Amino acid sequence: MSEQQLSTKHILGIKYLTRKDIELIFETAQSFKEVINRPIKKVPSLRDVTVANLFFENSTRTKLSFELAEKRLSADVVNFSASSSSTKKGETLLDTVNNILSMKVDMVVMRHPAPGAAYFLSKHIDASIINAGDGTHEHPTQALLDAFSMIEQVGTLKDKKIVIIGDILHSRVALSNIFCLKKLGAKVMVCGPPTLIPKYISDLGVEVSYDVKAALEWCDIANVLRIQLERQDIKYIPSLREYALYYGINRDLLDSIDKEIVIMHPGPINRGVELSSDVADSDQSIILQQVENGVAVRMAALYLLAASRN
C-alpha cells in the first residue's frame, strides 16, 4: 500500500479533494480490488478502528457497500438507522452523533437528507467523516467509483467525452461526477429534459444538451441517472412513459449510433424508463463492475482516512 496521505481528514465532497487525492484513492483501490478477488478477502488494516454507519435516509447499495468494505478491512462496525432512532423523538443531529462518539467511534459514514450535513458535522466532532450522500448536494464515493470504472474501461479520462443523462436537478451523483471528471481532464455534458437540468449548470464548465441521440453520438461514455421521483415535490415530467419515450436508452437507439459507447448507471435502475433491460444487461454496460469497484474504492477511502488520523 502507498505511504502517501490524503490532503484532508474527511471525504465530504469531490470539491474538497485534489486531483492527487483522487489518484491516490484509485491507486489504493486497485490494490484492494486484488484483495477482494482472493479466496480470503479480509485484511487487518483497520483492526482497531470503529466505524459508525449513520443513515438518516434509506439506502441499500451504498450502505451494504460501505459495510462490506469495513468488514473486509476488519474494522468494528456500528450501524445506525434513523428510521428507528431517537431522531424520530426530536433529537438533533449533533446530539445523535455525540452519543455515538461517546462510544469511542473513530470514523463516521453518513447519509443525510440535508445538503451540507456532513460538512456541518466535520466542524463539530473529532471523528473522520465520509459523506455517503447529503441531500441533492454530493455523493463523493459514488463519483470516485464511477471514474475508477471508466478508467478501467478506457484508460485515461483526459479529453474523453462523458455524458450524464437524466435527472440532473435532483442528483447528488451528477454534481460529484462533474467535479471528479473535470479534475481528471474529461469533457462533460449533461443531458435531460429542460425541467430537470439546473439553471446555471453550464457555469461548472459542462455542455448542456436536450437531445439524447445527439448526446450519445457525442460521447465515449454515458452515465445514466435514475429519475428521483421521491425528491420531486412538483411534476417535472408529464409521466415516466413519456420520459422513457424521449430520454430512455434502448437497443434500437444504441444500434442507430455508429460507435459503441460504454453504458453506466449508479443504480437502482428503473428498468424500461432510463434503460431497457437489453441495454442494462448488454456487453456495453459496466453496471455490475461499478458495484464491485464500489467496495474497493470505499475500502481505499476508509483505509487512507484512517492512515491520515495517525
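For the reader, a short list of remarks on this structure follows.
- Positive minus negative residues near Ala127 (Lys, Arg vs Asp, Glu; Cβ under 10 Å): +1
- Computed extension gain for Asn58 through Ser74, at 0.36 nm per residue and net of the alpha carbon distance, reaches 3.3 nm.
- When Rg and Dmax are taken over the Cα atoms of region 36-121, they come to 14.0, 46 Å.
- Region 166-234: trypsin sites (Lys or Arg not before Pro) in DSSP coil with no more than 14 other Cβ atoms inside 10 Å: Lys199
- Taking the Cα centre of the chain as reference, the dipole from Cβ charges on Lys and Arg (+1) and Asp and Glu (-1) amounts to some 700 debye.
- Using the Cβ of Ala296 as centre and a radius below 12 Å, the other residues enclosed give a net charge of 0, where K and R count +1 and D and E count -1.
- Sequence-distant residues sharing a close amide H with Val190 (under 5 Å, placed H): Ile164, Glu207, Val208, Ser209
- Pairwise centroid distance, computed over Cα atoms, of region 162-231 with region 260-310, Å: 17 Å
- Loop-located GluC sites (Glu not before Pro) in region 214-310 whose Cβ has at most 12 other Cβ within 10 Å (DSSP): Glu260
- Segment Lys9-Tyr200, length gained on full extension (0.36 nm per residue, minus Cα span): 65.7 nm
- Helical segments meeting 15 Å axial Cα length and Kyte-Doolittle -0.5 threshold in the chain (DSSP H): 19-36, 140-154, 172-183, 287-309
- Karplus-derived 3J(HN,Hα), 6.51/-1.76/1.60, for each residue of region 251-259, Hz, glycine and proline x: 4, 4, 5, 5, 5, 7, 9, 8, 8
- Cα-Cα P(r), the chain, percent of pairs per 10 Å interval: 6, 28, 34, 23, 9, 1
- Around Val49: net Lys/Arg minus Asp/Glu count, Cβ-Cβ under 10 Å: -2
- Of the trypsin sites (Lys or Arg not before Pro) in region 130-171, the ones in a loop by DSSP (not H, G, I, E or B) with at most 15 other beta carbons within 10 Å are Lys158.
- Calculated FRET efficiency for the pair Glu260/Tyr210, C-beta based, R₀ 25 Å, to 0.05: 0.55
- Helical contribution to [θ] at 222 nm, DSSP H n ≥ 4, -39,500 (n - 2.57), averaged over the chain, rounded to 500: -11500 deg cm²/dmol
- Region 87-219: Lys pairs at Cα distance under 26 angstrom, eight or more positions apart or on different chains: 26
No lab work stands behind these numbers, since they all come straight from the coordinates. Small disclaimer: the values here were computed from a predicted structure and weren't measured. Neighbour counts are summed over all protein chains in view; Cβ atoms, including those assigned to glycine, are modelled from backbone coordinates with ideal geometry.
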